[in-house]
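Everything below concerns the one structure shown next.
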Amino acid sequence: MTQTMKALAKTGPVQGLELIDAPVPEAGLAPFVPRITLTFPALASARETLVLVTGAGKQEPLRRLARGEDLPVRHLRSVGRLVWLVDQEAAGA
C-alpha cells in the first residue's frame, strides 16, 4: 500500500516553500510503516541541512563524533549550510 507524504520543499530560486504530496511506499520490513530513505548525495544537494540532536541518549554518540570516530553522520555534506542543533541534554550541559 502506498500512502502520501506531505512535505515542505524549496521551490528552486524562489524564497518560499511549497507543500507537495509524494507517494511513500511501505518498506516491507518491520516496523511496517510508510517511510522514505534519503541518500547522502540527496541530502548533500540541499541548500540547507539541519541536524537535530536531542536527549541524553545522544551524549555518547556526540562524544564519539568529537573524538573523530567514523560514524555515518560524519559523511554528511551540504552544498549550502550544514547546521547542527544540539539540546542541553544531548550536549551534557
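Each value in this text was obtained by applying a stated rule to the coordinates, not by laboratory testing. What you are looking at is a predicted structure, and each value in this text was computed from that prediction instead of being measured. Counting neighbours? That spans all protein chains shown, and the Cβs are built from the backbone with ideal geometry, glycine included.
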Exercise for the section: Using 0.36 nm per residue of separation minus the Cα-Cα distance, give me the extension gain between Leu29 and Thr54 in nm, one decimal. Expected result: 6.4 nm
Completion exercise
Expected sort for 55-64, 69-78 on mean C-beta neighbours within 10 Å, highest first, is 55-64, 69-78
